[in-house]
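Since the structure comes first, as structure tokens, the remarks are kept for the end.
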Amino acid sequence: MRGTSSRRFPHSVVPGRLVPAAFALLAGLLYLFFGLRWHDSNVFWLTGALLSGVAGYVILRLLAELAALRRLEDGIHAAREGLLEPAPVGPFGWTSVGRLIPEYNTTITTLRQMFRTVEECQGRFLNERNRSNTILQSLPGALLSVSDDLRVSIANRQADALFGVEPGLLIGANLFELLDVNERDRELLRDAFLYKRVIRNQEIALNVGGGKRYFSLNLSFYNDEENDMGGVLILQDITEYRQLMESVATREKLVAMGQLAAGVAHELNTPLGNILGYAQLLDRGAAEHPKLGEYARIIADETQRCSRVVQELLDYARKDKCSGETCDLNQLAQELIDTFINCRLKRYRIEIALELGTGPLIAEGACGQFDIVLSNLLANAIDALDKTPSPRIVVSTWAEDSYACIAIADNGPGVPPDIRNRLFDPFFSTKDVGKGSGLGLSISQAIVTKRGGFIAYDADYRDGARFVIRLPAVDLERAKL
């Protein structure tokens, strides 16, 4: 309270203590009025002295009470302003109000201790809240606390980053409207909230940032009441971990495939040697039939080429060191295209164009390995041209800085943008089951990378699909020096 009402004296102090003083003062006044007639009497002087002493005491007591009351009132006003300081008793401890000041001081001291305790508790609470908030914000996963109506009440910074919003904008969002999940995962969440089922490390897929990512889901509830669905949901991104596990599984498959391929390649050497021997015998006995002799020499050449590829495959499986061999890409492209023309291109009526650079184009590495790479790319181009009117393949070579480059392009439908980043993944194939193993491009990339080069899909090519291979070039003139 403020104003005049705040300065009223306590009724239990002022009226009760001042009534006797008022009667004494009245008695003094009556004495002065009637005592004028008997002022010569001794009784008058004796009574006057007595009444004067009483009146003086009453006046002194009244002033002391008022002064002590003022100190007590000042202390109360200070307490209202938050200053819990004891009021000084001073020389007024003998008064009725003065005896109340120590009681007031005791009360003020107790209140001050209580407020100090409350402040300490508040400080500890704020420290604990800050500590909990720090832990909440430093969690590696996205945390969402949802209320009973399934709306977000708390979200950490990882959740804001996951959903791409500013801090605080997730508050109030409906959980099922926020999570873009497939029907299976949505049904999983519905059952969990409906029957209050705790979820531990359940893998779900979320569409975030324009793509699909995988998360580990953990869900707990605040209490066991059936009508309270409030809980805490944590999402941990495990996309990279999942890819790592797939990579480990793929590597194990490749190891097994490599061991199998090495065994098969080793076994092929014997029949290839027999074919080569019979082809040479046929060539010698076909002197009177030139056409048969020509066919025999082609069989012998192709058999030697197959034997070279098998040997390169064995060398690759054994992870041998680079032997220092070189290969003329122009010559390799010409020989390879001649083989494909004789075997497959005529049958599919595919036009092929060679745009080879002038002069030799020498690259580091054995021709047998590059034969595998180019054969895979040509085979893929032939498959892509199925049902394409006027199918055409262009093989081009050129020198670029310190690289010898070769490209194979076709005028087919091209590769969709959403799968281009998976073209070189092992066992990934767009072909029907039984028509492709998904290993051709991954093995080709491994062979090229081993020689210090790289192979890439040309995303800027608009007339179909185009793959470009860059290999370290060899300067023959400098090598001779």
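The values are calculated or read from the model by the stated rules, or taken from the named source; none is laboratory data. What you are looking at is a predicted structure, and each value in this text was computed from that prediction instead of being measured. Here the Cβ is made from the backbone with ideal geometry for all residues, glycine too, and neighbour counts use every protein chain on show.
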The one condition in (1) modelled with pLDDT of 85 or more; (2) out of contact with any helix residue (DSSP H, G or I) (no Cβ under 9 Å at 6 or more places or on another chain); (3) farther than 20 Å from Leu336 by Cβ that Asn421 fails to fulfil: (1)
Take the residues in segment 87-103 that are part of a helix (DSSP H, G or I) and not aliphatic (A, V, I, L, M), then tell me which one is nearest to Leu63 (Cα to Cα). Phe92
Matching option when the condition is outside the structural domain of Pro472 (by TED's automatic domain parsing), modelled with pLDDT under 65 and either part of a helix (DSSP H, G or I) or farther than 21 Å from Val395 by Cα (or both), among Tyr295, Tyr278, Tyr316: Tyr316
Scope segment 369-414; condition of a type in the set (Val, Ile, Thr) and either at pLDDT below 90 or not assigned by TED's automatic domain parsing to the domain that holds Ala446 (or both); matching residues: Ile372, Val373, Ile382, Thr388
So how many residues does segment 382-405 have that are over 14 Å from Ala465 (Cα atoms) and under 41 Å from the mean Cα position of the chain (by Cα)? 5
Search segment 432-456 for residues being farther than 30 Å from Gly324 by Cβ and surrounded by 13 or more Cβ atoms within 10 Å (Cβ to Cβ), and hand back the single one that is modelled with the highest pLDDT. Gly438
Kindly indicate whether any position in segment 260-271 is surrounded by 15 or more Cβ atoms within 10 Å (Cβ to Cβ) and modelled with pLDDT of 75 or more. no
Residues that are within 21 Å of Gly230 (Cα to Cα) and among the aliphatic types (A, V, I, L, M): list the strands (runs of 3 or more DSSP E) wholly contained in segment 122-214 that include at least 3 such residues. 142-146, 152-155
What about Ser153, is it among the hydroxyl-bearing types (Ser, Thr, Tyr) and within 23 Å of the chain's Cα centre (by Cα)? yes
Taking segment 130-156 on its own, how many of its residues are among the acidic types (Asp, Glu) and farther than 17 Å from Ser220 by Cα? 0
Please give the number of the condition Ile101 fails out of (1) assigned by TED's automatic domain parsing to the domain that holds Leu189; (2) on the phi < 0 side of the Ramachandran plot; (3) crowded, with 16+ Cβ neighbours inside 10 Å. (1)
From the list Gln122, Gln113, Gln137, which one is touching a Lys or Arg at 6+ places or on another chain (Cβ under 6 Å) and either modelled with pLDDT of 80 or more or not assigned by TED's automatic domain parsing to the domain that holds Gly172 (or both)? Gln137
By residue number, the members of segment 457-481 that are modelled with pLDDT under 80 and assigned to a loop (DSSP other than H, G, I, E, B) are Asp475, Leu481
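Determine if segment 356-363 includes at least one residue that is of a type in the set (Val, Ile, Thr) and touching a Cys at 6+ places or on another chain (Cβ under 9 Å).
There is at least one residue in segment 356-363 that is of a type in the set (Val, Ile, Thr) and touching a Cys at 6+ places or on another chain (Cβ under 9 Å).
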